[in-house]
Amino acid sequence: RLKTMFQKTFVLTFNRTESVYKLEEKLEAPGQRGGRFTAIMGGAVDGVKYKNVKDKALLNELELFGKLFLVKEDLPKLEWKITGETKQIGGYTCNKATAIKTWKDFDLTALRGQPAREENEENNETVEE
């Protein structure tokens, strides 16, 4: 029972240019709450994610501490490599593809309101933007 209490089902809806990824809505059984941590942080993980590859936009809906946020980002350009591995999912034949994201792709300075810092690898200098 403990294992199933923390299991969640997500739904991915997509077409050629857009996708929406969200938690499947279900009614909770009485007494099946996730606790205080889930109530505070759950929306930060479970929010709706919208991606538009044509417009290169990524939207994340986050609920944090009872407030609703809509975070808009530019879709990062990734170099995808198709591995040749395939799998049947539903009625679709899916091809496995991988991409490498570097730590530079995770710029958290925007969340803190500070200017981005960039390191010059040749002379180990830090450059402020």
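The values are calculated or read from the model by the stated rules, or taken from the named source; none is laboratory data. If you're wondering where the values come from, they're calculated on a predicted model, not measured in any experiment. Here Cβ is always computed from backbone atoms with ideal geometry, including for glycine, and neighbour counts include all displayed protein chains. Please note that ligands, DNA and RNA were not included when accessible areas were found on the heavy atoms of the full protein model with its side chains. Shrake-Rupley method; radii C 1.70, N 1.55, O 1.52, S 1.80 Å.
Go through segment 12-45 residue by residue and tally those that are within 20 Å of Leu68 (Cβ to Cβ), modelled with pLDDT of 75 or more and under 15 Å from the mean Cα position of the chain (by Cα).
The number of residues fulfilling the criteria is 4.
Would you be able to tell me the number of residues in segment 57-108 that are basic (Lys, Arg) and within 23 Å of Leu23 (Cα to Cα)? Show your work before the answer.
Of the residues in segment 57-108, the ones basic (Lys, Arg) are 67, 72, 77, 81, 87, 96, 101, 104.
Subset that is within 23 Å of Leu23 (Cα to Cα): 67, 72.
Of the residues in segment 57-108, 2 are basic (Lys, Arg) and within 23 Å of Leu23 (Cα to Cα).
Out of all the residues in segment 45-95, which are open to solvent by less than 70 Å² (accessible area, probe 1.4 Å), under 19 Å from Val11 (Cβ atoms) and small (Gly, Ala, Ser)?
Gly47
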